[in-house]
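Worksheet: one structure, shown below.
The values are calculated or read from the model by the stated rules, or taken from the named source; none is laboratory data. Keep in mind that this is a model prediction, so the values were computed, not measured. Please note: Cβ atoms are built from the backbone with ideal geometry, for glycine as well, and neighbour counts cover all protein chains shown. These accessible areas exclude ligands, DNA and RNA; they are computed on the full protein's heavy atoms, side chains included. Shrake-Rupley method; radii C 1.70, N 1.55, O 1.52, S 1.80 Å.
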Amino acid sequence: NASSTLRIPKDYGRETRTLYLEGEAFFEVDHDEENPFIVISHGTYTKDLGTQFNVTAYDSTHIEVAVKEGLVSMGWMDKEDNPQKEIVELTPNKLGILKDVGGLTVFDIEHMDQYVGWAEGKLVFQSTPFPEVVERLERWFDIDCRVENPSPELYTRTLTASYDNMPMSEVLRVLSISMDISYTRQGRTIIFNSDEELTNSNNLNNN
């Protein structure tokens, strides 16, 4: 996904298939018991046990693994960068979240596209808080977003929507209507404004 880096060691394929991820990636893996597939991200690992899964690891404080098919295990790396004993196995339609504070939590996934839709060009939100919406828009379209004159309740609003290969101008137009905000565009910067006087005066400069 956007703003992501995948590092492949020179010895990949010998004894193990180990990759290093910063950001987000979707994997479809042929299982090989003697040559395991492992994704390492910020001191954690995700090990394939025959599956399709998505890893989100943009920073070290919050790692997400969503399993679409098969089975994966999750755990921590030791100081020598070796996998420690796994702490959980995830089955299909399960989401595992590892946090620096709070440890591990596992959830049922009701809408898989929310986690893997991006691989098919879908930008999917499901009861997503406004701050997270802004963060994902920045990565998706490689833009900077600012919020001016936020109303008290703006940061508590959530968005449920799916944008399938839609251009940024159309996503912003629909988003502004859905979340009752206005916006202006200055080059690669989008300025959101929830001032009631400006709510109905969207101004988009497409140049």
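For the stretch 83-93, putting each phi into the Karplus relation 6.51 cos²θ - 1.76 cosθ + 1.60 with θ = phi - 60° gives couplings of x, 7, 4, 4, 10, 6, 10, 10, 9, x, 6 Hz, in residue order, rounded to whole numbers and with x for Gly and Pro.
Surface listing: K10, K122, K85, K68 arranged by accessible area from highest to lowest gives K10, K85, K68, K122, probe 1.4 Å.
A helix-only calculation puts the chain at -4000 deg cm²/dmol for mean residue ellipticity at 222 nm, using -39500 (n - 2.57) for each DSSP H run of at least four residues, averaged over all residues.
Compactness of the stretch 1-63 is given as radius of gyration and Dmax, 11.4, 32 Å, from Cα positions. A Gaussian network model of the chain, with springs between Cα atoms under 10 Å, assigns the largest mean-square fluctuation among A161, A25, A66 to A161. For F107 and L6, a Förster radius of 22 Å and the Cβ-Cβ distance give a FRET efficiency of 0.30, rounded to the nearest 0.05. Express the carbon and sulfur contribution to the solvent-accessible surface of the stretch 1-89 as a percent, rounded to the nearest whole number, probe 1.4 angstrom. With neighbouring chains kept in place, the figure for the stretch 1-89 is 43 percent.
To the nearest ten degrees, helix 130-141 and the longest principal axis of the Cα atoms of the chain are 80 degrees apart. Highest GNM mean-square fluctuation among N35, N193, N93, for the chain modelled with Cα contacts below 10 Å: N35. Solvent-accessible surface of the chain, averaged per residue with a 1.4 angstrom probe and all protein chains in place: 55 square angstrom.
Rounded to the nearest 10 degrees, what's the angle between the helix 168-179 long axis and the longest principal axis of the chain, both from Cα atoms, 0 to 90? Taking the Cα atoms of the chain, the angle to 168-179 is about 70 degrees.
Averaging the Cα positions of each part gives two centres, and for the stretch 106-171 and the stretch 1-68 these lie 24 Å apart. Over the chain, with a single point scatterer placed on each C-alpha, what log10 of the ratio I(q)/I(0) does the Debye formula yield at q = 0.08, 0.13, 0.16, 0.18 1/Å? Values, matching the q order: -0.33, -0.78, -1.04, -1.21. State, as an integer percentage, the relative contact order of the chain based on alpha-carbon contacts under 8 Å between residues 6 or more apart. Averaging sequence separation for qualifying contacts and normalising by length gives 12 percent for the chain.
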